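Novice: Before anything else, here's the structure in question.
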Ligand code: ADP
């Protein structure tokens with residue numbers, strides 16, 4: 001098969017960036033349904049092409065929450081995707097570094113998804129804001145990297161492949177705890193991070209592993225590749241990966257075996273981890289728990305809250321790996 005055909009093939013496989021694990025009609029679940037009047041919207045935080053994220057209060061406790069709603073002009077498909085994302089989040093309520101779903105308003109318009117509030121928003125915006133301010137010191141970066149790996153280790157153990165791990169999809173809490181925060185709809189906010197081929201779905205080419213680009217294969221090991229790109233984003237305070245290269249060029253570049261240049265400054269352990277995440281053969285890349293083992297050697301501070309790594313399941317899995 002020529003290279004061109006391979007790409008064509010990969011286009012056929014990568015029909016959309018909607019994770020197949022989301023597909024199916026979302027089940028309206030009594031347990032998660034919230035009455036509309038229990039949510040008070042305070043202000044809009046971010047608006048995309050078909051979604052808005054607001055700050056809100058959950059009544060009567062007046063607990064601060066993040067509320068996502070679909071905008072008035074959204075199409076049926078967008079609404080379905082919106083509820084699908086919440087359905088995915090329902091599965092991860094016991095996850096440690098995954099943003100928690102609080103409830104859903106699905107029977108009334110506008111439909112709402114209520115989540116744990118992550119005050120500093122997405123990691124990409126946070127890192128960019130840090131450029132003029134105080135960039136997080138290496139110890140902070142290492143901890144943030146460990147929290148992302150911990151969220152991903154939980155997803156990996158749940159046999160869930162994210163397919164779109166990137167700094168824009170990690171969320172930062174006020175105390176700088178980072179969690180995996182988006183399951184499928186960020187493309188309107190950072191549209192330039194995605195690549196549209198014809199009328200097919202948008203693909204996060206710059207975060208994708210060569211086997212995903214080549215053959216449409218997505219596994220936890222391709223998530224590990226993307227994790228390497230997240231470390232690179234952290235080290236560069238959210239530069240665009242492969243800056244100056246067109247999407248087509250990035251595609252050819254990565255499937256020909258090339259990698260991102262290492263940034264000039266980064267927390268030392270990032271180098272080894274980035275290299276191992278970008279191993280060509282997926283099976284030689286580490287698992288997220290192995291990445292955590294590597295990070296643990298360099299972090300003096302432990303996790304600031306319970307982690308999958310230290311949970312009974314995480315410990316059992318680590319014993320099996322040892
Ligand atoms: P959409 O799916 O409509 O694109 P996202 O989930 O991508 O919405 O969120 C858009 C932006 O809203 C994010 O980039 C982030 O800055 C902010 N955001 C998302 N979730 C939260 C949250 N739980 N807490 C605070 N801000 C959030």
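Novice: Within the stretch 54-65, identify whether any single residue is within 14 Å of the ligand (Cβ to nearest atom) and at pLDDT below 95, and answer yes or no. Outline the logic, then answer.
Specialist: From the stretch 54-65, those within 14 Å of the ligand (Cβ to nearest atom) are 54-58, 63-65; that's our starting set.
Keeping just the survivors that are at pLDDT below 95 gives none.
Checking the stretch 54-65: not a single residue is within 14 Å of the ligand (Cβ to nearest atom) and at pLDDT below 95.
Novice: Need the failing condition index for residue 42 against (1) touching a residue at least 24 places away in the same chain (Cβ under 8 Å); (2) in a strand (DSSP E or B), just the number.
Specialist: Only one criterion is unmet by residue 42, namely (1).
Novice: Out of the stretch 144-172, which residues are within 16 Å of the ligand (Cβ to nearest atom) and either without any contact (Cβ under 8 Å) to a residue 40 or more places away in the chain or out of contact with any strand residue (DSSP E or B) (no Cβ under 6 Å at 6 or more places or on another chain) (or both)?
Specialist: Listed by number, the residues that qualify are 162, 163, 164, 165, 166, 167, 169.
Novice: I've got another one for you. Here is a list of conditions, (1) surrounded by 15 or more Cβ atoms within 10 Å (Cβ to Cβ); (2) over 30 Å from residue 313 (Cβ atoms); (3) within 15 Å of the ligand (Cβ to nearest atom), and residue 73 meets all of them except one; can you say which number that is?
Specialist: Of the numbered conditions (1) surrounded by 15 or more Cβ atoms within 10 Å (Cβ to Cβ); (2) over 30 Å from residue 313 (Cβ atoms); (3) within 15 Å of the ligand (Cβ to nearest atom), the odd one out for residue 73 is (1).
Novice: Of all residues in the stretch 65-77, which are over 23 Å from the mean Cα position of the chain (by Cα) and closer than 13 Å to residue 103 by Cβ?
Specialist: none
Novice: Output the residues belonging to the stretch 173-183 that are touching a strand residue (DSSP E or B) at 6+ places or on another chain (Cβ under 6 Å) and either in a loop (DSSP other than H, G, I, E, B) or under 13 Å from residue 88 (Cβ atoms) (or both).
Specialist: 180, 181
Novice: Just checking, how many residues over the stretch 88-117 are in a loop (DSSP other than H, G, I, E, B) and at pLDDT below 90?
Specialist: The qualifying residues number 12.
Novice: Of (1) within 16 Å of the ligand (Cβ to nearest atom); (2) part of a helix (DSSP H, G or I); (3) without any contact (Cβ under 8 Å) to a residue 60 or more places away in the chain, residue 140 satisfies all except one. Which?
Specialist: Of (1) within 16 Å of the ligand (Cβ to nearest atom); (2) part of a helix (DSSP H, G or I); (3) without any contact (Cβ under 8 Å) to a residue 60 or more places away in the chain, only one is false for residue 140: (1).
Let's see how each residue does on (1) buried (at least 22 other Cβ atoms within 10 Å of the Cβ); (2) farther than 25 Å from residue 151 by Cβ; (3) within 23 Å of the chain's Cα centre (by Cα):
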position: 38; (1), (2), (3): no, yes, no
position: 43; (1), (2), (3): no, yes, no
position: 60; (1), (2), (3): no, yes, no
position: 63; (1), (2), (3): no, no, no
position: 79; (1), (2), (3): no, yes, yes
position: 90; (1), (2), (3): no, no, yes
position: 104; (1), (2), (3): yes, no, yes
position: 109; (1), (2), (3): no, yes, no
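Novice: Where in the stretch 230-304 are there helices (runs of 4 or more DSSP H), lying wholly inside it, with at least 1 residues that are closer than 17 Å to residue 148 by Cα and touching a residue at least 12 places away in the same chain (Cβ under 8 Å)? I'd like the intermediate steps shown before the answer.
Specialist: Details: elements: 247-255, 269-277, 288-296.
Of the helices (runs of 4 or more DSSP H) lying wholly inside the stretch 230-304, those with at least 1 residues that are closer than 17 Å to residue 148 by Cα and touching a residue at least 12 places away in the same chain (Cβ under 8 Å) span 269-277, 288-296.
The values are calculated or read from the model by the stated rules, or taken from the named source; none is laboratory data. Keep in mind that what you see is a predicted model, and the values were worked out from it rather than measured. When we count neighbours, we look across all protein chains shown, and the Cβ atoms used for this are built from the backbone with ideal geometry, even at glycine.
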